[in-house]
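Student: First the structure, which I've put down as structure tokens, then a few questions once you've had a look.
The values are calculated or read from the model by the stated rules, or taken from the named source; none is laboratory data. Just so it is clear, the structure is predicted and the values come from calculations on it, not from any experiment. Note: ideal-geometry Cβ built from the backbone for every residue, glycine included; neighbour counts use all protein chains shown. Heads up: the accessible areas ignore ligands, DNA and RNA and are worked out on the full protein's heavy atoms, side chains in. Shrake-Rupley method; radii C 1.70, N 1.55, O 1.52, S 1.80 Å.
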Amino acid sequence: MTDLDRVIHEPARLRILTILSGVSAVDFKFLLSALALSKGNLSAHVERLENAGYVEVLKSFNGKIPHTEYRLTAAGREALANYWSALDRIRAGTGR
Amino acid sequence: MSPLPSTYKPSQTDDPREIAKWTRVYAQNRTLGVAVFLLIFLVLSAAIGGFSSGAERASHNGNTVMLAVCLSGLIVALAVLIYLSVPAWGFRRMGRIASALYAREGRVTVTRTWAPGRGRLVTGLGLGFGACLLASVLLGVWGYLPDRYMQPVSAVYMVPFLVMLTLLQRPAIGWITLLWPALYGLHAVLIVAGAPIVFLGTWSVLNMVIPTIGYGLLTSLLGHMFNRYALHSVKQLARTEPSGDDRREGGT
């Protein structure tokens with residue numbers, strides 16, 4: 001467990017990063033519907049990922065309606081790849 | 001694009017790493033906008049045909065009111081058709097239709113890798129396609145191209161055009177789009193081989209409508225079905241029970 005990133009290890013955050021890793025950008029609405037989290041929960045998780053430098057937040061307006069999109073940063077991509085590698089090592093029984 | 005380690009096996013269907021794949025499949029197959037667009041084209045084509053024959057009959061009978069109505073309708077339908085056929089306007093409109101259709105689900109994008117100089121390639125492709133289309137129509141009108149071979153001849157430029165259109169938009173759209181040119185080409189081969197799939201007389205218009213709009217509709221509907229399946233898979237894999245960490249962070 002020692003080499004698993006604690007920010008990513010939380011299930012909801014891991015899933016947010018995994019969703020972002022498959023595409024270029026995703027908006028708040030999609031994450032909300034895919035993960036079935038409350039708005040507050042989702043915001044808190046995304047904020048934590050943003051603070052860790054794993055997610056980039058892009059705010060814009062659709063007319064007068066605010067629109068928020070998220071992108072995985074290079075650091076986030078690397079951290080996620082490292083996380084899966086570490087998890088695989090643990091599963092294979094080679095991890096510490 | 002997905003940072004999956006080499007030890008990852010795609011067959012692990014309950015693995016959360018599958019979420020990345022299905023999200024991508026979902027984003028690449030939001031094809032319902034194409035179906036709506038093709039239906040609009042079908043309606044416009046039918047309207048143009050209807051107004052043309054209506055105008056011809058009205059002119060023959062000396063009914064000036066009906067002639068004016070039919071000609072006005074014809075001009076409007078043609079103007080809309082031309083507007084939608086210009087890639088810069090039509091594609092933008094199609095994008096808006098797709099966005100509106102999937103608006104409830106939020107926005108997911110896969111950016112296409114648009115290398116410098118591709119704009120000129122797209123323009124060249126469009127002009128080449130237009131020239132080929134015009135040439136085959138003129139050959140048909142002048143009687144050099146029998147109805148029976150209209151579709152096989154059109155496949156010579158239509159199939160590469162549709163394939164290029166898909167390749168140019170990759171990875172923003174999925175491989176399923178290639179089904180359209182594949183079916184179009186197969187249809188042409190079957191006609192040349194003598195298969196009884198050629199419509200004659202008043203139904204001869206279907207020789208072009210089925211491969212162009214019919215296969216396009218079929219492809220976009222299959223794409224949409226794949227999109228639904230992908231969304232279902234994403235939700236199934238991504239929905240988790242709130243953990244203790246969730247509660248500590250002030251969630252419900």
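Student: In contact (Cβ under 8 Å) with a residue 60 or more places away in the chain and either more than 9 Å from the chain's Cα centre (by Cα) or within 8 Å of another protein chain (Cβ to nearest Cβ) (or both): is that true of A:LEU80 in this structure?
Tutor: Yes; evaluated as a whole, the condition is true for this residue.
Student: Go through (1) under 15 Å from the mean Cα position of the chain (by Cα); (2) at the interface with chain B (Cβ under 8 Å from one of its Cβ atoms); (3) not basic (Lys, Arg) and name the single condition A:THR73 misses.
Tutor: (2)
Student: I need a count of the residues in the stretch A:33-57 that are surrounded by fewer than 19 Cβ atoms within 10 Å (Cβ to Cβ) and at the interface with another protein chain (Cβ under 7 Å from one of its Cβ atoms).
Tutor: 4
Student: So, in the stretch B:179-208, of the ones that are buried (at least 18 other Cβ atoms within 10 Å of the Cβ) and among the aliphatic types (A, V, I, L, M), which residue ends up nearest to the chain's Cα centre (by Cα)?
Tutor: Among those that are buried (at least 18 other Cβ atoms within 10 Å of the Cβ) and among the aliphatic types (A, V, I, L, M), it is B:LEU179.
Student: Can you pull out the residues in the stretch B:119-134 that are open to solvent by less than 60 Å² (accessible area, probe 1.4 Å) and in contact (Cβ under 8 Å) with a residue 40 or more places away in the chain?
Tutor: Within the stretch B:119-134, B:VAL122, B:LEU125 qualify.
Student: Considering each of A:SER38, A:SER24 in turn, give the residue that is of a type in the set (Ser, Thr, Tyr), modelled with pLDDT of 90 or more and farther than 16 Å from B:VAL108 by Cβ.
Tutor: After applying the criteria, what remains is A:SER38.
Student: While we're looking at this one, here's another question. Is there any pair linking a residue in the stretch B:95-108 that is open to solvent by less than 30 Å² (accessible area, probe 1.4 Å) to one that is not in a helix (DSSP H, G or I), with Cβ under 7 Å and at least six apart or on different chains, and which?
Tutor: Qualifying pairs under 7 Å: B:ALA98/B:ARG30; B:TYR102/B:ARG30; B:GLY106/A:ASP27; B:VAL108/A:VAL23; B:VAL108/A:VAL26.
Student: Still on this structure, I have one more. Within the stretch B:135-180, can you find the residues that are of a type outside the set (Phe, Trp, Tyr), farther than 19 Å from B:VAL122 by Cα and free of Cβ contacts under 8 Å to residues at least 12 places away in the same chain?
Tutor: Hits for the stretch B:135-180 are B:ALA135, B:VAL137, B:LEU138, B:GLY140, B:VAL141, B:GLY143, B:LEU145, B:PRO146.
Student: Any residue in the stretch A:88-95 that is under 28 Å from B:TYR102 (Cβ atoms) and of a type outside the set (S, T, N, Q)?
Tutor: No.
Student: Being at pLDDT below 95, crowded, with 16+ Cβ neighbours inside 10 Å and within 13 Å of chain A (Cβ to nearest Cβ) is true for just one of B:PRO242, B:PRO211. Which residue is that?
Tutor: Result: B:PRO242 is the single residue among B:PRO242, B:PRO211 that is at pLDDT below 95, crowded, with 16+ Cβ neighbours inside 10 Å and within 13 Å of chain A (Cβ to nearest Cβ).
Student: If you don't mind, another one. Which residues, taken from the stretch A:25-57, are closer than 19 Å to B:GLU18 by Cβ and in contact with a strand residue (DSSP E or B) (Cβ under 6 Å, 6 or more places away or on another chain)?
Tutor: The answer is A:VAL26, A:PHE30.
Student: Between residues in the stretch A:38-53 that are touching a residue at least 40 places away in the same chain (Cβ under 8 Å) and farther than 13 Å from A:ARG15 by Cβ and residues that are β-branched (Val, Ile, Thr) and surrounded by fewer than 17 Cβ atoms within 10 Å (Cβ to Cβ), which pairs lie under 8 Å by C-beta distance while being six or more apart or on different chains?
Tutor: Pairs found: none.
Student: Test A:ALA86 against the criterion of being over 28 Å from B:GLY174 (Cβ atoms), among the aliphatic types (A, V, I, L, M) and open to solvent by less than 10 Å² (accessible area, probe 1.4 Å), and give yes or no.
Tutor: yes
Student: Further, regarding this structure: I want to confirm something. Restricting to the stretch B:1-47 and keeping residues that are among the β-branched types (Val, Ile, Thr), in a helix (DSSP H, G or I) and under 17 Å from B:THR109 (Cβ atoms), which single residue is modelled with the lowest pLDDT?
Tutor: Looking at residues that are among the β-branched types (Val, Ile, Thr), in a helix (DSSP H, G or I) and under 17 Å from B:THR109 (Cβ atoms), I get B:VAL34.
Student: If you don't mind, another one. Output the residues belonging to the stretch A:58-74 that are open to solvent by 30 Å² or more (accessible area, probe 1.4 Å), out of contact with any strand residue (DSSP E or B) (no Cβ under 6 Å at 6 or more places or on another chain) and either closer than 21 Å to B:ASP15 by Cα or charged (D, E, K, R) (or both).
Tutor: Within the stretch A:58-74, A:LYS64 is the sole residue that qualifies.
Student: Can you tell me which residue within the stretch B:16-70, out of those that are among the small types (Gly, Ala, Ser) and either closer than 30 Å to B:ALA103 by Cβ or within 14 Å of chain A (Cβ to nearest Cβ) (or both), is surrounded by the fewest Cβ atoms within 10 Å (Cβ to Cβ)?
Tutor: Of everything passing the filter in the stretch B:16-70, B:ALA46 is surrounded by the fewest Cβ atoms within 10 Å (Cβ to Cβ).
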